[in-house]
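Just so you know, all these numbers are worked out from the coordinates, no wet-lab data involved. Predicted model, so just to flag it, every value in this text is computed and none were measured. Here the Cβ positions follow ideal geometry from the backbone for every residue, glycine too, while neighbour counts run over all protein chains shown.
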């Protein structure tokens, strides 16, 4: 259990957190959300002790082990091999192993003191037992499995960590903390450096993690799949919601509506008291009453409304110019960075006008390379890339945010993307359509937030209106609201889109075609992401049944030495287990549905009562308030029952999924 009590933290005289109080119970799976800069990472820093609060206390049980993914790796660690660094996941093991070595050396030297000998032997047994309990003898194998599933080839395990890029080093840091078996696992944006297959694996791994999970993420896929509690950090406060991201979105809006109604009532009451006080303050006969009313007015607290969930920025893509029926095509393209090692071999692809294609696959398979070939940054070593009639490309590079000159103003950054000699008159109109107007056009790029930087990049693209968007990781550095805004803009865009993203929900919402880059070659799926998952899993199962290679569903194939009869027995056992679970699953679904219906009915009745109170009509206020109070109590009871029932249903669903995955 982790207790935050009245925690406050200021930066530059401004409150980042103010009197924040919440509790994280053992075994809870918590998503921590909120705008960029709201203080989510500061919460983690306070828990680990890296950040000291200005006020309040944090209570963590003695001996409670925290597993934290560090955003930077110590320079001293960079000379270690990838496998050595990753498998050294539990600091206590290092200390215990060193003490055990000292004990064994002393035992080997021998001692005439029987008491000392007994003490040494006892401590030796304790250390051996502890080392075994912490999993020392399986860490090496677990490290290999985690590294492989996060995209590292086995041939790289013995390479020094410093030979890897920063993104791959972060993958190694993620693998290290995942296998450390902590009581509480704390992950801050773990999917930032991952490709889609690695995100899928991470989700499966974390679903089976038995401890407490704290997840800071803008990845809706992970938040929906992994969390059961949501804590929003915003405007200095922390608000707890008893559900995952989808529940939080709905309940937050319902809470806002309730507070809006409450605020209207409070404001109306304050206005009435102010009018009465102003009217009678000057009359000596009413002075005492006016003073009493003033005290009553002073005691009324204002109702603070939460910020709107709707993103306040602007992202409107202008209509694309006309082009032909084909946007681009690859004709037998081959390309590689090293002699004898081609990322793309004899690759052909046709992109029709209006297509919305997501390119997926492990890092290193050539996704970014394919985009760079498409836009002309790279040239094929064999074959050619042909743009369609009147295709105008707008390209967002993955490294755009890092390459942006911080000294330039917003206006100058967009002007720099105009062709030589082109008029500058469209710049202000384009900037306005992407949320930059007035003094905002004079902002230095160095002070822009992540969301502002992405809007600036699209303004740079659309100052020469394209009909073909090529986007490499467009959601990086965007918070949840900005991602949803960009997602909607792409859905509504009438032009062609080819994109690479690690955000599964973003791909699911925007792409109508999936291009999968796999070791066996590229394959185009004429459907959305869920269609791709279904077909790729089906194909992998067929390949496995015929003795073929691995794929997303390769786990369904019989293992080494497992014959057809045994495989059939396992399938039959899984079917029986699912059937035994089906009755409980049905009852749980019905229970949740019944409670949700009661919640809806009670919520609607509360709206009616609140409307009556604020309507000004003649009514029995005491009777309405009694009913409203009883209704609030009933709502709280139903919400508690719903939370329990929903958790039970989710546990049954997870068990059903686990049986299905076996």
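Descriptive notes on the structure:
- If you plug the beta carbon distance of residue 492 and residue 623 into 1/(1 + (r/R0)^6) with R0 = 60 Å, you get a FRET efficiency near 0.75.
- Considering every alpha-carbon pair of the chain, the percent of pairs per 10 Å bin, from zero through the bin containing the longest distance, is 3, 11, 19, 23, 20, 13, 7, 3, 1, 0, 0.
- Per-q log10 I(q)/I(0), the stretch 326-539, q = 0.15 Å⁻¹ (Debye; single scatterer per alpha-carbon; no solvent): -1.01
- Relative to the current alpha-carbon distance between residue 644 and residue 274, full extension at 0.36 nm per residue lengthens the span by 128.6 nm.
- Judged by the ratio a/c of the largest to the smallest principal axis of the C-alpha gyration tensor, the stretch 401-519 counts as prolate, that ratio being 1.5 or greater while a/b is larger than b/c.
- Label-to-label distance, residue 316 versus residue 1, with points set 7 angstrom from Cα along the beta-carbon direction: 5.3 nm.
- Chain lengthening between residue 48 and residue 524 when straightened (0.36 nm per residue, less Cα-Cα): 166.8 nm
- Contour excess over end-to-end distance, with Cα ends at residue 15 and residue 121 and 0.36 nm allotted per residue: 32.7 nm
- The stretch 147-280: C-alpha gyration tensor shape, a/c 1.5 cut-off, then a/b vs b/c: prolate
- Cβ-Cβ FRET estimate between residue 464 and residue 111, R0 fixed at 56 Å, reported to 0.05: 0.10
- Virtual spin-label span in nm between residue 635 and residue 424, 7 Å along Cα→Cβ: 5.5
- Sites residue 350 and residue 537, calculated FRET efficiency, Cβ-Cβ separation with R0 45 Å, nearest 0.05: 0.95
- Simple label model, 7 Å out from Cα along Cβ direction - residue 601 to residue 297, nm: 4.4
- Note on 333, 430: ascending count of other Cβ atoms within 10 Å places them as 430, 333, the fewest first.
- Gyration tensor verdict on the stretch 433-472 (Cα atoms; rounded if a/c is under 1.5, prolate if a/b is larger than b/c, oblate otherwise): oblate
- Where Rh is the Kirkwood radius over Cα pairs, Rg/Rh for the stretch 598-643: 1.04
- Square roots of five times the Cα gyration tensor eigenvalues for the stretch 2-247, Å: 36, 24, 17
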